[in-house]
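As structure tokens, the structure follows; a few thoughts come after it.
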Amino acid sequence: MGRSFQVSFLKTLPLPNRVALARYKAHPALGPCLLFFTGGTALRGLSQRLIEYTHNSIHLIPPFDSGGSSAELRKQFNMLAVGDLRNRLMALADQTLKGNPEIYRLFDTRLPENEGPEKLAELLSSLLAGKHPLIAAIQDPMRKIIRNHLGFFKRKMPADFDLRGASIGNLILVGGYLNNRRQIDPVLYLFARLIEARGIVRPSATQDLQLLARYADGTEILGQHRFTGKGSKPPAAKLVDLELANKDGSPARRPPLKDKIAHLIDRADLICYPMGSFFSSLLANFLIQGVGDRVQANPCPKVYVPNLGVDPEQKGYRLAEQVDRLLRALKESSRFPGWDTDYLNFLVIDAEGGHQITPEERDQLENRGIQIIDVPLVLPEAPERIDEELLLSVLLSLA
């Protein structure tokens, strides 16, 4: 065989590329590898639509969530957060396969918040015994695997563990994590295979760390749930910096990027920085040292899709400033920072639909080599959010 080599060339693409979209929809197993740096629930709907076009997407998720039932699990077991991993894994599950809707319902169910410890313990025992309707509806061998993992969790569960509001899916994943010598990748792989998840979901890091937010007025907030605007009201000042910290708030060293995650970034046909919480869901991925190097090394298109609605973490940021902050985070995770266009090529917006951008910002970004794609992303009947199908048509056309 002869030597292989890469060639770069320019081409003009229609948006959307109807021919490519039809080809992907006809053969999603052969679809392009779209990689998303993402967290939370912002991409749940898009992920559910994405599997109609490709089974090869990659979702890298920061595991630093510190709110809800994840907080109790992290406190008791000194581990990464699994809630967002579970959420994305189930969004990618093939719902047409027999048995998957029942698994989805189980994983998406939470224990009651208003019951006492004894009643919650009874519910957990009912699930473990296979008597609860949610478990009884699932076919073997999946039912046995779920019960085994749930049983391992119960054996390791501290006596004072607070089960109120706990996600059953999270408990099952944590049971598998503890049963696999505190490794999350084998558990994610197993469940992805069992539910036929049409994509890869991995945490960008596996360390038990917290996010520390710094504001322009000097305020510091430890814990992701305290500054997202969901669990509590964030400061009025502008969020300017994000760092990793230990539980006590002391600075933590940036963990190095794992080789297996680096290889996933290398495989991408398109890298997307999507909408969602700007700092805690997107930029938190770039607190891992080496992510920027791998992004820079991959010659595929790189696309930023800014939020349409109000994100408390982006208070005070104009669109061009968001791009600057994104690029700064990527370069800080690189040993040898490159040009802006090594990390970002396209800014996808809908100016008529609600994205705010001035002529000066357009000129500034385009002079730096960042091409602005201003296309319809918002439907008149839902003006408050980006339509998943419209956005996917752009991303898949660029891949």
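Per-structure values
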quantity	calculated
The stretch 99-129, subset modelled with pLDDT of 90 or more and small (Gly, Ala, Ser), residue nearest to ALA159 (Cα to Cα)	ALA121
Matching entry among VAL394, VAL375, VAL310, VAL303 (being closer than 24 Å to SER280 by Cβ, in contact with a Leu (Cβ under 7 Å, 6 or more places away or on another chain) and β-branched (Val, Ile, Thr))	VAL303
Candidates GLY199, GLY276, GLY229 - the one that is under 26 Å from LEU347 (Cα atoms), among the small types (Gly, Ala, Ser) and open to solvent by 30 Å² or more (accessible area, probe 1.4 Å)	GLY229
Residue list for the stretch 352-397, restricted to those being on the phi > 0 side of the Ramachandran plot and touching a helix residue (DSSP H, G or I) at 6+ places or on another chain (Cβ under 8 Å)	GLY369
Members of the stretch 108-129 found to be within 32 Å of the chain's Cα centre (by Cα) and among the aliphatic types (A, V, I, L, M), listed by number	LEU111, LEU120, ALA121, LEU123, LEU124, LEU127, LEU128
Members of the stretch 146-190 found to be more than 27 Å from GLU115 (Cβ to Cβ), outside any loop (DSSP other than H, G, I, E, B) and touching a residue at least 40 places away in the same chain (Cβ under 8 Å), listed by number	ASP185, LEU188, LEU190
Residues located in the stretch 307-334, provided they are over 18 Å from ARG368 (Cα atoms), part of a loop (DSSP other than H, G, I, E, B) and either touching an Asp or Glu at 6+ places or on another chain (Cβ under 8 Å) or open to solvent by less than 50 Å² (accessible area, probe 1.4 Å) (or both)	ASN307, LEU308, GLY309, ASP311, TYR317, SER333, SER334
Selection status of PRO299, in contact (Cβ under 8 Å) with a residue 12 or more places away in the chain, open to solvent by less than 10 Å² (accessible area, probe 1.4 Å) and either over 29 Å from ALA351 (Cβ atoms) or not in a helix (DSSP H, G or I) (or both)	no
Odd one out for ILE138, checked against (1) open to solvent by less than 30 Å² (accessible area, probe 1.4 Å); (2) of a type outside the set (Gly, Ala, Ser); (3) more than 19 Å from TYR104 (Cβ to Cβ); (4) in a loop (DSSP other than H, G, I, E, B)	(3)
Residue under evaluation THR206, criteria (1) farther than 12 Å from PHE64 by Cα; (2) assigned to a loop (DSSP other than H, G, I, E, B), criterion not met	(1)
Tabulated pairs, the stretch 21-36, first more than 12 Å from SER393 (Cα to Cα) and assigned to a helix (DSSP H, G or I), second among the aliphatic types (A, V, I, L, M) and open to solvent by 20 Å² or more (accessible area, probe 1.4 Å), C-beta under 9 angstrom, 6+ apart or interchain	ARG23/LEU30; PRO28/ILE51
Of all residues in the stretch 211-226 being in a strand (DSSP E or B) and in contact with a Lys or Arg (Cβ under 7 Å, 6 or more places away or on another chain), the one that is least open to solvent (accessible area, probe 1.4 Å)	TYR215
Qualifying residue in the stretch 77-96 (condition: more than 30 Å from LEU282 (Cβ to Cβ) and open to solvent by less than 20 Å² (accessible area, probe 1.4 Å))	no
Filter result for the condition that a residue is aliphatic (A, V, I, L, M) and assigned to a loop (DSSP other than H, G, I, E, B), over LEU80, LEU85, LEU73	LEU80
The stretch 25-39, subset buried (at least 22 other Cβ atoms within 10 Å of the Cβ) and not β-branched (Val, Ile, Thr), residue farthest from the chain's Cα centre (by Cα)	GLY31
Extreme residue, surrounded by the most Cβ atoms within 10 Å (Cβ to Cβ), among residues of the stretch 342-389 that are under 16 Å from PRO301 (Cα atoms) and among the charged types (D, E, K, R)	ASP342
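The values are calculated or read from the model by the stated rules, or taken from the named source; none is laboratory data. Remember, it's a predicted structure, so these values are computed and weren't measured experimentally. Here the Cβ is made from the backbone with ideal geometry for all residues, glycine too, and neighbour counts use every protein chain on show. Calculation scope for accessible area: heavy atoms of the full protein, side chains included, ligands and nucleic acids excluded. Shrake-Rupley method; radii C 1.70, N 1.55, O 1.52, S 1.80 Å.
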